[in-house]
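The values are calculated or read from the model by the stated rules, or taken from the named source; none is laboratory data. Fair warning: this is a prediction, and the values are worked out from it, not measured in the lab. Cβ: placed from backbone, ideal geometry, glycine included. Neighbour counts: every protein chain shown.
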Amino acid sequence: MRLLKSVRRSWPYLLMTIPALVLFFYFHTWPALHGIFLSFTNWNGFGPYHFIGLKNYVDLFHDHQVLHAYGFTFLFAFVTTVLVNVVSLLIALALNARIKLPNTFKAIFFLPYVLSTLIVSFIFNYLFSNVIPDVATQLHLTALSQNLLGTRWAWVGIVIVSVWQGAAFNTLLYLAGLQTIPDDVYEASSIDGASPWMTFWRITLPLIAPFLTINMVLAAKNYLQVFDQVVGMTNGGPGTATQSVSFVIYTNGLGGGELSYQSANAVVFLIVLVIVALAQVRLMQGREVQL
Amino acid sequence: MRTRTNWPAMIFLIVGALFILFPIYMAIAVAVKSPQELAQSVLGFPSHIHWDNFRQAMSITHYWHTFGNSLLITFFAVVLTVLSNSMVAYAIARNMHTPLFKGIYYYFFAAMFVPFPILMLPLVHQMSSIGLANRVGLIILYIVYGISFNVFVYIGYLKSIPLELEEAALVDGASRWRIFWQIVFPLLGPMNATVAILTGLWAWNDFMLPLVMLSDPNQYTLPLVQYAFQSQYSTNYDLAFASYLLALLPMIIVYLLFQRWIVSNVTKGAIK
């Protein structure tokens, strides 16, 4: 009787949720499980297949292209995550200071966020391949006169375009964080004779630490999955130098007939991403202070 | 005490703003030139604007048709996401004390950490086998994949809506559905705006999902068309840039018109 009553009471709630739950399972979780299943087979998109156990996984660890993709992805994600957060924190601090035209500046710094990453990358591609070498040649700066994206420093170009666009969103988050700190905290610290430098390290940073954690986790997760920037800037080149993990899974998995093999790669990638996110949360915890 | 302008901060912001605006200026400067003028100077502005680039770029990319695809996908993704995801979030938020709904919440939350590449390859097969490797399928995926994040932000906001209103309506004999649509949904206004903006930006600018899902070039979106026609531009940078600008322009216009509203609503969603 009680059960019946509780079912009747929650019936509308169940009707509101279950269709979404079914669709989510069908379009998200099911293909993911299917991918994990395929990673233990040799299926390549059509015809019969066999179970081959862990062969795909063993092969991954001897695959130079894949290992290199992880190396590039980690280097890129680490440098970009740190740079995006440092740059956006600096911009947020400046926006939070006494300045003229605060809303105009805010609008300009947020603009990159609304633009297509792929198209922005095409624009930066031209900047690196044509504009900068031209200007450098005219100024006789030989170091910069060749296309950066054709050298072993191509990854730096991808970092630059990612920071240019990625700082927008994090700036907004940090600014929101800074604005939660009441003015009297700063006043008290300046009465106590703290320098601006000390105020930043001892007061501002600990108080916005929760925002720092969220920003770091989100940025790392996004940049580890970098794809659009790679396609627009270098298409993985020169050679395979800037192929990211997502790029390899897409090109070799869909176009290169390595469906089950790249599924195994994707499973490894999932495990790596979860470990990174957990490690970050662990590292950052305990450094937060509440008012 | 802090009334004077902070000049070091101002100078830093001005330099930063120039750094942000320069690539956009360059894109415009390249797009309005003829190839001869471009060969002479990349960054200078020509004596007269070469509108023909835009006309040609529009005919190469079937601009209005492609724009229509992007608009259609974005419109339906946004409207249906706001209507459906808010309802799911409401049902979960009001039942978080039961293990079932708590489980559903954590299920959606955990899915945020699953990278798209792991489902990409089977998904392409699955979608084409049920005839959804097209615009409609794309709209469905935006609505469904958005649930993870949107439920999370909606629930944060739903906690701040007092239950008394709903209880009073319940006593008056209103059904749960009516309570949601007539009382709660309107109160979700600010969060609906946030979710609409974020979904709109995602669906409009996304490249990876259209790339793997759309097989018919007739259904291509604006970013995908830039990628697909890269080879047609070859070294005609003036034409390519006219096309890039045309693709970016609708969002830039929307942003300029609603800039304050967009920025404040994205902030709201982000700090929830």
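Quick check, is A:LEU224 crowded, with 23+ Cβ neighbours inside 10 Å and either hydrophobic (A, V, I, L, M, F, W, C) or out of contact with any helix residue (DSSP H, G or I) (no Cβ under 9 Å at 6 or more places or on another chain) (or both)?
Numbers: crowded, with 23+ Cβ neighbours inside 10 Å: yes; either hydrophobic (A, V, I, L, M, F, W, C) or out of contact with any helix residue (DSSP H, G or I) (no Cβ under 9 Å at 6 or more places or on another chain) (or both): yes.
Taking the combined requirement at face value, the residue satisfies it.
With (1) of a type in the set (Ser, Thr, Tyr); (2) closer than 21 Å to B:PRO117 by Cα; (3) surrounded by fewer than 19 Cβ atoms within 10 Å (Cβ to Cβ) as the list, and A:THR104 as the residue in question, which single condition is left unmet?
The number of the failed condition is (2).
Which of the residues spanning the stretch A:132-159 are surrounded by fewer than 13 Cβ atoms within 10 Å (Cβ to Cβ) and among the charged types (D, E, K, R)?
If the condition is that a residue be surrounded by fewer than 13 Cβ atoms within 10 Å (Cβ to Cβ) and among the charged types (D, E, K, R), then A:ARG152 is the only one that fits.
Out of B:ILE49, B:ILE104, B:ILE60, I need the residue that is at pLDDT 90 or above and of a type outside the set (Phe, Trp, Tyr). Which one?
B:ILE104
State the number of residues belonging to the stretch B:186-203 that are within 19 Å of B:LYS159 (Cα to Cα) and under 22 Å from the mean Cα position of the chain (by Cα). Talk me through it step by step, then tell me what you get.
Residues of the stretch B:186-203 that are within 19 Å of B:LYS159 (Cα to Cα), as a first pass: B:186-195.
From what's left, under 22 Å from the mean Cα position of the chain (by Cα): B:188-195.
Residues flagged as within 19 Å of B:LYS159 (Cα to Cα) and under 22 Å from the mean Cα position of the chain (by Cα) within the stretch B:186-203 amount to 8.
Identify, please: which residue in the stretch A:237-286 is among the hydroxyl-bearing types (Ser, Thr, Tyr) and either within 12 Å of A:LEU224 (Cα to Cα) or not in a helix (DSSP H, G or I) (or both) and is, among those, modelled with the lowest pLDDT?
As a first pass, look at the stretch A:237-286 and keep what is among the hydroxyl-bearing types (Ser, Thr, Tyr): A:240, A:242, A:244, A:246, A:250-251, A:260-261, A:263.
From what is left, the residues that are either within 12 Å of A:LEU224 (Cα to Cα) or not in a helix (DSSP H, G or I) (or both) are A:240, A:242, A:244, A:246.
Details: A:THR240: 91, A:THR242: 94, A:SER244: 96, A:SER246: 96.
My answer is A:THR240.
Looking for something in contact with a Lys or Arg (Cβ under 7 Å, 6 or more places away or on another chain), under 25 Å from B:LEU138 (Cβ atoms) and more than 7 Å from chain A (Cβ to nearest Cβ) - is there at least one such residue anywhere in the stretch B:215-222? Full working, then the answer.
Taking the stretch B:215-222 and keeping what is in contact with a Lys or Arg (Cβ under 7 Å, 6 or more places away or on another chain), we get B:219.
With the extra rule that they be under 25 Å from B:LEU138 (Cβ atoms), the set shrinks to B:219.
From the residues that got through so far, the ones that are more than 7 Å from chain A (Cβ to nearest Cβ) too are B:219.
Yes: one or more hits.
Which one is surrounded by the most Cβ atoms within 10 Å (Cβ to Cβ) among residues in the stretch B:253-269 that are facing another protein chain (nearest Cβ under 7 Å) and among the hydrophobic types (A, V, I, L, M, F, W, C)?
For the stretch B:253-269, the residue satisfying everything is B:VAL266.
Which pairs turn up if I take residues in the stretch A:270-284 that are away from chain B (no Cβ under 11 Å) and look for partners that are surrounded by 11 or more Cβ atoms within 10 Å (Cβ to Cβ) with beta carbon separation below 6 Å, at least 6 apart in sequence or on another chain?
A:GLN280/A:MET216; A:GLN280/A:VAL217; A:MET284/A:THR213
Quick one: is A:ALA194 on the phi < 0 side of the Ramachandran plot, at pLDDT 85 or above and out of contact with any His (no Cβ under 7 Å at 6 or more places or on another chain)? Outline the logic, then answer.
Values: on the phi < 0 side of the Ramachandran plot: yes; at pLDDT 85 or above: no; out of contact with any His (no Cβ under 7 Å at 6 or more places or on another chain): yes.
When the stated conditions are applied, A:ALA194 does not pass them.
State all residues of the stretch A:238-288 that are polar (S, T, N, Q) and in contact with an Asp or Glu (Cβ under 8 Å, 6 or more places away or on another chain); if no residue qualifies, say none.
Residue satisfying the conditions is A:ASN252 alone.
Mind checking which residues of the stretch B:109-134 are more than 18 Å from A:GLY45 (Cα to Cα), within 21 Å of the chain's Cα centre (by Cα) and more than 8 Å from every other protein chain (Cβ to nearest Cβ)? Talk me through it step by step, then tell me what you get.
Let us first name the residues in the stretch B:109-134 that are more than 18 Å from A:GLY45 (Cα to Cα), namely B:109-116, B:134.
Checking which are within 21 Å of the chain's Cα centre (by Cα) leaves us with B:109, B:111-116, B:134.
Once the filter is applied, which keeps residues that are more than 18 Å from A:GLY45 (Cα to Cα), within 21 Å of the chain's Cα centre (by Cα) and more than 8 Å from every other protein chain (Cβ to nearest Cβ), the stretch B:109-134 yields B:PHE109, B:MET112, B:ASN134.
Quick grid of which residues meet (1) closer than 30 Å to B:ASN95 by Cα; (2) more than 9 Å from chain B (Cβ to nearest Cβ):
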| residue | (1), (2) |
| --- | --- |
| A:ARG8 | yes, yes |
| A:PRO12 | yes, no |
| A:ILE52 | no, yes |
| A:LEU83 | no, yes |
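Within the stretch B:234-252, track down each residue that is touching a Phe, Trp or Tyr at 6+ places or on another chain (Cβ under 9 Å) and within 11 Å of another protein chain (Cβ to nearest Cβ).
From the stretch B:234-252, those touching a Phe, Trp or Tyr at 6+ places or on another chain (Cβ under 9 Å) are B:237, B:239-247, B:250-251; that's our starting set.
Within the stretch B:234-252, B:TYR237, B:ALA240, B:PHE241, B:SER243, B:TYR244, B:LEU245, B:LEU246, B:ALA247, B:PRO250, B:MET251 qualify.
Which one of A:THR29, A:THR73, A:THR17 is closer than 30 Å to A:GLY166 by Cβ, free of Cβ contacts under 8 Å to residues at least 60 places away in the same chain and of a type in the set (S, T, N, Q)?
Numbers: A:THR73 fails: free of Cβ contacts under 8 Å to residues at least 60 places away in the same chain; A:THR17 fails: closer than 30 Å to A:GLY166 by Cβ.
Exactly one residue qualifies, and that residue is A:THR29.
Every residue in the stretch A:163-208 that is of a type in the set (Gly, Ala, Ser) and either surrounded by 17 or more Cβ atoms within 10 Å (Cβ to Cβ) or in contact with a Cys (Cβ under 7 Å, 6 or more places away or on another chain) (or both), please. Give the steps one after another, and end with the answer.
Residues of the stretch A:163-208 of a type in the set (Gly, Ala, Ser): A:166-168, A:176-177, A:188-190, A:193-195.
A:GLY166, A:ALA167, A:ALA168, A:ALA176, A:GLY177, A:SER189 - these are the residues of the stretch A:163-208 that are of a type in the set (Gly, Ala, Ser) and either surrounded by 17 or more Cβ atoms within 10 Å (Cβ to Cβ) or in contact with a Cys (Cβ under 7 Å, 6 or more places away or on another chain) (or both).
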